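Structure first, commentary second.
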Amino acid sequence: MTGSDGVVAAPTVTVLMPVYNAGCYLRPAVESILQQSFRDFELVIINDASTDGSAEILRSFSDDRIRILHNEHNLGLANSLNRGLLAAAGEFIARQDADDLSHHERLARQVHFLKGHPEIALIGTQAVIIDELGRYKRMLLDRPHEHLAIKWDLLFDNSFVHTSVMFRTTIVRDNLAGYDPSYTACEDYELWSRIAEVCRVANLSRHLVSHRIHSSSKRKGTKQFVKMQDLTRVVKRNADAMFGKDFLSESESLLLAGFSSGYQDRTSHAKFVRLFDRLLAEYLQIAPGALTSRDFKQTARRIYFKLFYNAWKNSVLPPASCFLRQPGWIRIAFSLLISHFIKRVSWCRTSFVPVTSSACHAEGAEASKLAGSG
């Protein structure tokens, strides 16, 4: 924005959008940012050496709030985001993936929250899942809202939807040096964990982004053992920071790292429940206020819910001792399961405009034509 003296003022928000072969999903993603009710932002797009015509689609936008950085060769997600961080002029930085959609009130609500809560460095939102045509599929299991619950949840899983976050530039770029490229599978989880060690973090309760799942949305070339290796590093460091060095053994860290994808054997379920009890007891020692937090209790129940949901999905019945060890928690987790599916049914429609297959094909044809003429 330009002031009365003709000097261009820094925007309040920089939206970072890395792009690699985003195809027909790119235009709706960009438009969902340009159509935000909050107007004081810049959109910094990092084209990570796309080969599908994404660069031509980006050049078709004439909005002066857009800045496009082109990587000469593919740098990967973390390095591309760090390049965007260095270029960002905003007080706050929001993330947006090139195939996802943001609700038109998203930036406004997050800016309002961060302005009113100076102690919070990172704020995420809830999300719904859409398919390649923009149709509603399901709700993501709610992320915890409050710092105490998020700190606990980070011992087990990523507590934030990457495409939904907004954070303070001074904290993440200037103090923490951004994303760590050595984490190729969970650079976001690692960064949120570092932020939560030094600042308070939170999630809004509203669903303000649509996260698209499609055939190209999974990262190619990231092997499962690399993902497990990275997750194990994050989990162990989180536990060390919270409870003291080497609180978890290597095998326990590996066990927790496998939680998000589910266990394939009954023994691992039993080991996890015992470790869960131990971690819970230790956490309540250092954070007794969690006992009175409804959000913390819901988060702990959600972990049990996810454990048994993944067991059902993987067709592995946990030992009976898992049910008997915490019968009250299991009962409430089952209630949470019922509630989750009721909410899922009620979300049969979303406020996001779907991308139709014909629009996708038209966009792809346009991109190819533009790429050919370039």
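Read-outs throughout are calculated quantities, based only on the coordinates presented, and are distinct from any laboratory measurement. All values reported here derive from a predicted model rather than from experimental measurement. So basically every Cβ, Gly included, is an ideal-geometry build from the backbone, and we count neighbours across all protein chains shown.
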Practice prompt. Please grab the % of Cα pairs in the range 90-152 that end up more than 14 Å from each other.
Written response: 66
Response to the item:
Quick P(r) readout (the range 1-75; Cα-Cα; 5 Å bins; whole %) gives 3, 15, 26, 23, 15, 10, 6, 2, 0
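Defining a contact as two alpha carbons under 8 Å apart and six or more residues distant in sequence, what relative contact order in percent does the range 200-271 show?
23
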Worksheet entry | Rg and Dmax [Cα atoms of the range 158-301; Å; Rg one decimal, Dmax integer] | 16.4, 46
Fill in: When each of Lys236/Lys297; Lys223/Lys245; Lys245/Lys271; Lys151/Lys271; Lys227/Lys297; Lys227/Lys271 is checked by Cα-Cα distance, pairs over 26 Å
Lys223/Lys245; Lys227/Lys297
Worksheet item: In nm, to one decimal, how far is the Ile68 label point from the Arg294 one, both placed 7 Å along Cα→Cβ?
Response: 4.8
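In Å, what Kirkwood hydrodynamic radius results for the range 53-136 from the alpha-carbon pair distances?
Every distinct Cα pair counted, the radius reaches 15.6 Å.
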Worksheet item: Given the range 13-221 reduced to its alpha-carbon atoms as identical point scatterers, what log10 I(q)/I(0) does the Debye formula return at q = 0.10, 0.14, 0.16 Å⁻¹?
Response: -0.38, -0.79, -1.07
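For the range 13-221, what is the relative contact order in percent, using Cα pairs closer than 8 Å and at least 6 residues apart in sequence?
25
Multiply the residue gap between Asp246 and Met228 by 0.36 nm, knock off their C-alpha separation, and tell me the result in nm, one decimal place.
Contour length minus Cα-Cα distance gives 4.6 nm.
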Worksheet item: When the Kirkwood radius is taken over all Cα pairs of the range 166-240, what Stokes-Einstein diffusion coefficient follows at 4 °C and 1.567 mPa s, in µm²/s?
Response: 90
